[in-house]
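Here's the structure we're looking at; comments come further down.
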Amino acid sequence: MLFNIQDLVDDRLCYEKIRELRWSEGVKCPHCGSKEHKRHGHHNTCEHRYRYQCKKCGKYYDDLSNTVFQGHHQPLKIWVLCLYLMGLNLSNRQIALELGLNESDTHAMTSLLREGVYEKYQTEPLEGIVEIDELYLVAGHKGKPESVKKKSEKPESDV
Ligand SMILES: [Zn+2]
């Protein structure tokens, strides 16, 4: 195969998109719900994964806290690509081949993703999945990373 799809997808853009979807109404503490926060560097596994400290309860959280992506060793772009390939109705076996994963890992990931991306108490996880699919349809097939970048550069109010 000439291209490896993983090399064509940028982790930084994945995090920007996740932030855009997840914090669309502002960064919010998953522990107490407060929006009062300050940036606190980044997660030690990835510089694009922002950390925050809640000014109300003092706890730390990051872009992936309380999402299915948290606590797994796969980079975010692998999860995003997995979602994308699920959207194309590929089997677990095909997804595993495409992403260089073993089938049991892939099965675990697709099962989790089907349950929803965000916090369990949130009731509309599908919206995010659909938007991620659309983003990568655009990014993947038309090859215009600039337009994707522009999309995710909305002015952010309180970061
Ligand atoms: Zn808090």
Among all lysine pairs in region 4-98 that are eight or more places apart or on different chains, how many have alpha carbons less than 12 angstrom apart? 10
Cα shape, region 10-114, gyration tensor, a/c 1.5 rule: prolate
Can you give me the long-range amide H partners of HIS37? Hydrogens built in the peptide plane at 1.01 Å from N, cutoff under 5 Å, separation of 5 or more residues or another chain. LYS55
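Every number here is computed from the coordinates shown, using simple stated rules; none is lab data. Since this is a predicted model, take the numbers as computed values, not measurements.
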